[in-house]
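The values are calculated or read from the model by the stated rules, or taken from the named source; none is laboratory data. Values in this document were obtained by computation on a predicted structure and should not be read as measured data. Cβ atoms come from the backbone with ideal geometry, glycine included; neighbour counts cover every protein chain shown. Accessible surface is based on the protein model in full, side chains and every heavy atom, while ligands, DNA and RNA are left aside. Shrake-Rupley method; radii C 1.70, N 1.55, O 1.52, S 1.80 Å.
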Amino acid sequence: MPVGLFRVCLLVITAIVNHPLFFPKENGTVPENTEEIIQKMKEREESLRLEQLRLEQEIADQEATQKALEKAAVVAEESKEEKVRWDMWTALSMVIFLLIELWRQDFQEGNWQDIGGEEDDMAVLGKAFKGVALPDKAVLASFYEKRILGTTGDMARMREMVEGFADDLLEALRSVCNRDADMEVEDCMGVGSMYENWRVRKPFVCDLIVPFAPPEPYCFHCQTWCSGDSFPPDEQGYGTIKVCRADEDATGCICDKTKLGEDMLCLLHSQVSSTRPSSEMEDLLCFKNTQYLDADQVMKWFQIAVTKAWNRISHKYEFDLSFSLLDSPGALKIKFKSGKSIAFNLTPVVQYENSDVYFISHFPRSSLATDVPSSTHWFLTFAVYERRFIQLVSKTLPANACHVSCLQILSFLHGKQCSLTGPSGLTNYHLKTVLLHLLQALPSQDWAPEKLEARLQDMLKFLEKCLQEKKLYHFFIGNGKVPAELGFPIIFQRAEPLNLFRPFVLRRDIYRKMVDTFHEMLRNMSALINEYTVHSPLAHTNGIRKEPL
């Protein structure tokens, strides 16, 4: 209670002390200055309002500038995207224009079809068969039996006779050669259609290859286009053969590639032995002033050696031997006194390392190597592996498989067509390559004898597609699916595929002739087969023998 009274008294005293009447008179100016204070407060308020407006204007300007920058960035990005799209469409338009222009030129310059509807059906083989139908199975079987099958026995007898004579001739060649200076000749091997049992056109010609090696102490170092060395595109399929000493690095000593200086000598090679005499290399059949084997020199040496060998053994035989073709130095002909003759080719080759791939000096009767870069470039032949592949696949096919029959029929028709319209760039080797590809692609049961007609159509369709695309790849080069049983060199499997039609890409006249011949063969196919099927029995009945084909 006393505390409460004390608080009330304290409150009253405080109120009395702070009453305005207790202020002295000098403080009475406060009410008089109120208007001045209010005026100052208004001025301050006005300055603050102006400052606020200024700040708001600055903020608005900054926002406007930011929006302008953002808008400019968006416009620039859209412009960039539009430019990219425009560049893409421009490039695409240029590509389309170039393709159209190339197609127009190819259509105008390389057009091997007339505008008429009949030729239009020949543009694609699938449509071509609407106007070109193969004979039925019975006619094909009769044609094969009468015109092709009868030649098998003649081929076997001829092969046996030619091989026996060639062995005797090569043995005599070894005896007349200088073992210390001349090339060493090995046994011959038969390759090609005669030894793969599909040759049908006469005269029959056996193709024999003869490997040879240099005399000791020399050896051959072979370089191919796919061995890592730089070969231009037109030299694909070729290689070079360098003649080296057995104890010499084929790449040569560094002293041959680097200037050692006048006061420096190579410790391995003296100044005298560093450069081999030109006459010595020419004796080894090398190109002048090089170590590379010259195909022309080899063929001249081989011709002379064969002539000497024949002079030594000619007394044993009752026939004459001569070189039949000037442009094929290894083409030989046996002439009997009765007037009959037998032709065969004996071609020197160089073995590639330890494989059955060979460098061949030239291809008899073939256009595979028509444009050889130089006489030091040798073409590679895979004929031995081709023969082995056909033999290997034949073991897995049904009895009396039709694969050889297909190749024989097409080879016969193509040869007959060429005799009517003249030779073309298409060869029997192209037909054989088509067969090899199909043998690998199709199942074994598809080659049963009753499917001969279907397989003929497959070969023709495949060839037509290759002609249209101007691409027919070599069967072995670049083919990673070659059976391991063949022992084929891996370097050629890993190489880029070799297009056998590449020479025709720039030679439109030959390409046009090749396609014209193919389409003429298609149109004449049924007529030719029916003609030789119907007329052959009559010819035999009347005792008239038709001219060999």
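Take the conditions at pLDDT 95 or above, in contact with a helix residue (DSSP H, G or I) (Cβ under 9 Å, 6 or more places away or on another chain) and open to solvent by 10 Å² or more (accessible area, probe 1.4 Å) and apply them to ILE390. Does it pass? Full working, then the answer.
Details: at pLDDT 95 or above: yes; in contact with a helix residue (DSSP H, G or I) (Cβ under 9 Å, 6 or more places away or on another chain): yes; open to solvent by 10 Å² or more (accessible area, probe 1.4 Å): yes.
When the stated conditions are applied, ILE390 passes them.
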Enumeration of residues in region 329-365 that are under 30 Å from the mean Cα position of the chain (by Cα) and surrounded by fewer than 19 Cβ atoms within 10 Å (Cβ to Cβ)
GLN351, GLU353, ASN354, SER355, ARG365
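Just to be sure, is GLU145 charged (D, E, K, R), at pLDDT 85 or above and either closer than 30 Å to GLN297 by Cβ or open to solvent by 50 Å² or more (accessible area, probe 1.4 Å) (or both)? It would help to see each step written out before you state the result.
Details: charged (D, E, K, R): yes; at pLDDT 85 or above: no; either closer than 30 Å to GLN297 by Cβ or open to solvent by 50 Å² or more (accessible area, probe 1.4 Å) (or both): yes.
No; evaluated as a whole, the condition is false for this residue.
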Would you say ASN479 is farther than 22 Å from GLN236 by Cα, outside any helix (DSSP H, G or I) and not aliphatic (A, V, I, L, M)?
no
Checking ARG507 against (1) farther than 19 Å from GLY237 by Cβ; (2) out of contact with any helix residue (DSSP H, G or I) (no Cβ under 9 Å at 6 or more places or on another chain); (3) of a type in the set (Lys, Arg): exactly one of these is not met. Which one?
(1)
What pairs come out if I take residues in region 495-524 that are outside any helix (DSSP H, G or I) and pair them with residues that are among the basic types (Lys, Arg) whose C-beta lies under 7 Å away, six or more apart or interchain?
ASN499/LYS471; PHE501/LYS470; PHE501/LYS471; VAL505/LYS470
Quick count over region 148-163, residues being over 30 Å from ASN530 (Cα atoms) and open to solvent by 40 Å² or more (accessible area, probe 1.4 Å), is 4
Which of (1) touching a helix residue (DSSP H, G or I) at 6+ places or on another chain (Cβ under 6 Å); (2) more than 26 Å from ILE490 (Cβ to Cβ); (3) of a type in the set (Ser, Thr, Tyr) is the odd one out, the single condition SER419 does not satisfy?
(1)
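Quick one: would you say GLU32 is at pLDDT below 80, open to solvent by 100 Å² or more (accessible area, probe 1.4 Å), outside any helix (DSSP H, G or I) and not β-branched (Val, Ile, Thr)? Write out each step before concluding.
Details: at pLDDT below 80: yes; open to solvent by 100 Å² or more (accessible area, probe 1.4 Å): yes; outside any helix (DSSP H, G or I): yes; not β-branched (Val, Ile, Thr): yes.
Yes, satisfied.
Go through SER338, SER375, SER328 for me and flag whichever is modelled with pLDDT of 90 or more and either of a type in the set (Lys, Arg) or not in a helix (DSSP H, G or I) (or both).
Working: SER375 fails: modelled with pLDDT of 90 or more; SER328 fails: modelled with pLDDT of 90 or more.
Result: SER338 is the single residue among SER338, SER375, SER328 that is modelled with pLDDT of 90 or more and either of a type in the set (Lys, Arg) or not in a helix (DSSP H, G or I) (or both).
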Sort out which residues of region 377-426 are among the small types (Gly, Ala, Ser) and within 24 Å of ALA441 (Cβ to Cβ), and write them in order of number.
ALA383, SER394, ALA399, ALA401, SER405, SER411
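Which is touching a residue at least 24 places away in the same chain (Cβ under 8 Å) and touching a Leu at 6+ places or on another chain (Cβ under 9 Å), of MET161, MET183? Talk me through it step by step, then tell me what you get.
Numbers: MET161 fails: touching a Leu at 6+ places or on another chain (Cβ under 9 Å).
Exactly one of MET161, MET183 is touching a residue at least 24 places away in the same chain (Cβ under 8 Å) and touching a Leu at 6+ places or on another chain (Cβ under 9 Å), namely MET183.
Looking only at residues that are at pLDDT below 60 and assigned to a loop (DSSP other than H, G, I, E, B) in region 272-304, which one is surrounded by the fewest Cβ atoms within 10 Å (Cβ to Cβ)? Spell out how you get there, then give the answer.
Let us first name the residues in region 272-304 that are at pLDDT below 60, namely 272-282.
Narrowing the set further to residues that are assigned to a loop (DSSP other than H, G, I, E, B) leaves 272-277.
On the way: VAL272: 6, SER273: 9, SER274: 14, THR275: 9, ARG276: 14, PRO277: 8.
Applying the filter and picking the extreme gives VAL272.
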Show the residue pairs meeting these rules: Cβ distance below 7 Å; 6+ apart or different chains; first residue within region 190-201 and more than 15 Å from VAL349 (Cβ to Cβ) and touching a residue at least 60 places away in the same chain (Cβ under 8 Å); second residue open to solvent by less than 20 Å² (accessible area, probe 1.4 Å) and assigned to a loop (DSSP other than H, G, I, E, B).
ARG199/SER193; VAL200/ILE148
Residues located in region 439-458, provided they are farther than 15 Å from SER394 by Cβ and either of a type in the set (Val, Ile, Thr) or within 20 Å of the chain's Cα centre (by Cα) (or both):
ALA441
Tell me, yes or no, whether region 415-425 has at least one residue that is in contact (Cβ under 8 Å) with a residue 12 or more places away in the chain, within 23 Å of LYS481 (Cα to Cα) and either open to solvent by 10 Å² or more (accessible area, probe 1.4 Å) or part of a helix (DSSP H, G or I) (or both).
no
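I'd like to verify a number: residues in region 437-476 that are of a type in the set (Lys, Arg), open to solvent by less than 40 Å² (accessible area, probe 1.4 Å) and assigned to a helix (DSSP H, G or I), how many? Talk me through it step by step, then tell me what you get.
So the first thing to find is which residues in region 437-476 are of a type in the set (Lys, Arg), and the list is 451, 455, 461, 465, 470-471.
Filter again for open to solvent by less than 40 Å² (accessible area, probe 1.4 Å), leaving 455, 470.
Now narrow it down to the ones that are assigned to a helix (DSSP H, G or I): 455.
Of the residues in region 437-476, 1 are of a type in the set (Lys, Arg), open to solvent by less than 40 Å² (accessible area, probe 1.4 Å) and assigned to a helix (DSSP H, G or I).
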From the list PRO203, PRO233, which one is open to solvent by 60 Å² or more (accessible area, probe 1.4 Å), more than 20 Å from TYR358 (Cβ to Cβ) and touching a strand residue (DSSP E or B) at 6+ places or on another chain (Cβ under 8 Å)?
PRO203
Of the residues in region 206-221, those that are open to solvent by 20 Å² or more (accessible area, probe 1.4 Å) and in contact with a Gly (Cβ under 7 Å, 6 or more places away or on another chain) come to ASP207
Among the residues listed as ILE59, ILE115, ILE100, the single one being β-branched (Val, Ile, Thr) and modelled with pLDDT under 65
ILE115
